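Chemist: Before anything else, here's the structure in question.
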């Protein structure tokens, strides 16, 4: 049977095929399979790409695109407990060159670099039928945290409000806050570093593909499952928008029950809203305390894009206080 027969597999299939053929690198501690590659001396490296028409449309200005390209990369470094420091940029641009677009993109890119202390040190440019962008970011983690070290019984926490980016992309009438989250996410990089250096996070990753998919990845890597309380997942969007779309660029982490007060203290000092949404369990898979099923993913790179629709009616939840918690 030809390899192209049947439905398209998702990106995890592609990553698995590439990973199975990769060779070890000198000093490499952790390669494919986490938010960033990790080396023995604490160096971390990550790369993310954005393609016009796939990762952004006319809801994002060129400056927004530049900002977001930096944000999605520093989010990965912060999720390893690392501090980003430099970046390499690759740009594919259509001809004739739109100079105004490039100038505005550069404004957003450098504003984000300044916010997170990242220096642009090189890269490459080429002609392309559509705008394609790729940024490689490097940094250092003094006490790196992996997604594979979660422990059964640990609390599951998330930062911020989930589902705003989904609203910004999917709703016909998104609120200004939702559009702002979609256009210019602000991942809590410093909070990830603080958790890591305090030894509080047993496992950690960023929320780029939605809580359902990303927590599933953390659990698979850690050899466990999770029990979640949907009522404690922060945000006022429908549950599927909060857990199954992504683009939140918040932080997902597990921590010992005994460290709850310490986690809250670090969050308070960093002025980061956190919510305790569940716990890690020995039984594989994700479950909800009310017996319901986790919503299926609303986005995949190699399947039909989810249609844009107004919010569905159903159970929603108001934004919790700074430390909303699951029972």
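Chemist: Filter the stretch 143-159 down to the residues that are in contact with a helix residue (DSSP H, G or I) (Cβ under 6 Å, 6 or more places away or on another chain) and surrounded by fewer than 18 Cβ atoms within 10 Å (Cβ to Cβ), then identify the one that is farthest from residue 51 (Cα to Cα).
Modeler: The extreme case among them is 143.
Chemist: Kindly evaluate residue 165 against the criterion of being outside the structural domain of residue 70 (by TED's automatic domain parsing) and more than 25 Å from residue 50 (Cα to Cα).
Modeler: Working: outside the structural domain of residue 70 (by TED's automatic domain parsing): yes; more than 25 Å from residue 50 (Cα to Cα): no.
When the stated conditions are applied, residue 165 does not pass them.
Chemist: Within the stretch 171-188, how many residues are outside any loop (DSSP other than H, G, I, E, B) and closer than 24 Å to residue 73 by Cβ? Full working, then the answer.
Modeler: Going through the stretch 171-188, the residues outside any loop (DSSP other than H, G, I, E, B) turn out to be 176-183.
From what is left, the residues that are closer than 24 Å to residue 73 by Cβ are 177-183.
Residues flagged as outside any loop (DSSP other than H, G, I, E, B) and closer than 24 Å to residue 73 by Cβ within the stretch 171-188 amount to 7.
Chemist: To continue, here is another question. If we scan the stretch 228-247, do we find a residue that is modelled with pLDDT of 95 or more and assigned to a strand (DSSP E or B)?
Modeler: Looking through the stretch 228-247, at least one residue is modelled with pLDDT of 95 or more and assigned to a strand (DSSP E or B).
Chemist: Condition (residue is part of a helix (DSSP H, G or I) and within 22 Å of residue 80 (Cβ to Cβ)) applied to the stretch 116-130: is it met by at least one residue?
Modeler: yes
Chemist: Something else now. Is one or more of the residues making up the stretch 263-274 under 16 Å from the mean Cα position of the chain (by Cα), surrounded by fewer than 19 Cβ atoms within 10 Å (Cβ to Cβ), farther than 22 Å from residue 56 by Cα and in contact (Cβ under 8 Å) with a residue 24 or more places away in the chain?
Modeler: From the stretch 263-274, those under 16 Å from the mean Cα position of the chain (by Cα) are 274; that's our starting set.
From what is left, the residues that are surrounded by fewer than 19 Cβ atoms within 10 Å (Cβ to Cβ) are none.
For the stretch 263-274, residues under 16 Å from the mean Cα position of the chain (by Cα), surrounded by fewer than 19 Cβ atoms within 10 Å (Cβ to Cβ), farther than 22 Å from residue 56 by Cα and in contact (Cβ under 8 Å) with a residue 24 or more places away in the chain: absent.
Chemist: When you go through 78, 108 one by one, which is the residue that is part of a helix (DSSP H, G or I), closer than 16 Å to residue 185 by Cα, outside the structural domain of residue 182 (by TED's automatic domain parsing) and out of contact with any strand residue (DSSP E or B) (no Cβ under 8 Å at 6 or more places or on another chain)?
Modeler: The unique qualifying residue is 108.
Chemist: Something else now. Residues in the stretch 218-234: is at least one farther than 26 Å from residue 256 by Cβ, buried (at least 22 other Cβ atoms within 10 Å of the Cβ), under 19 Å from the mean Cα position of the chain (by Cα) and in contact (Cβ under 8 Å) with a residue 24 or more places away in the chain?
Modeler: Within the stretch 218-234, not a single residue is farther than 26 Å from residue 256 by Cβ, buried (at least 22 other Cβ atoms within 10 Å of the Cβ), under 19 Å from the mean Cα position of the chain (by Cα) and in contact (Cβ under 8 Å) with a residue 24 or more places away in the chain.
Chemist: So, one more: Given (1) within 30 Å of residue 257 (Cα to Cα); (2) surrounded by 15 or more Cβ atoms within 10 Å (Cβ to Cβ), identify the lone condition not met by residue 179.
Modeler: With respect to (1) within 30 Å of residue 257 (Cα to Cα); (2) surrounded by 15 or more Cβ atoms within 10 Å (Cβ to Cβ), residue 179 is out only on (1).
Results for (1) farther than 29 Å from residue 171 by Cα; (2) surrounded by 14 or more Cβ atoms within 10 Å (Cβ to Cβ), shown as yes or no for each residue.
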position: 65; (1), (2): no, yes
position: 90; (1), (2): yes, yes
position: 99; (1), (2): yes, no
position: 108; (1), (2): no, yes
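Chemist: Let me confirm something: among 195, 162, 135, which residue is in contact with a helix residue (DSSP H, G or I) (Cβ under 8 Å, 6 or more places away or on another chain), part of a loop (DSSP other than H, G, I, E, B), closer than 18 Å to residue 75 by Cβ and modelled with pLDDT of 95 or more?
Modeler: Result: 162 is the single residue among 195, 162, 135 that is in contact with a helix residue (DSSP H, G or I) (Cβ under 8 Å, 6 or more places away or on another chain), part of a loop (DSSP other than H, G, I, E, B), closer than 18 Å to residue 75 by Cβ and modelled with pLDDT of 95 or more.
Chemist: Is it true that residue 279 is assigned to a strand (DSSP E or B), modelled with pLDDT of 95 or more and over 17 Å from the mean Cα position of the chain (by Cα)?
Modeler: Numbers: assigned to a strand (DSSP E or B): yes; modelled with pLDDT of 95 or more: yes; over 17 Å from the mean Cα position of the chain (by Cα): yes.
Criteria met by residue 279.
The values are calculated or read from the model by the stated rules, or taken from the named source; none is laboratory data. Bear in mind the structure is a predicted one, so any value in this text is a computation, not a measurement. Because the Cβ atoms are built from the backbone with ideal geometry, glycine has one as well, and the counts that use them run over all protein chains shown.
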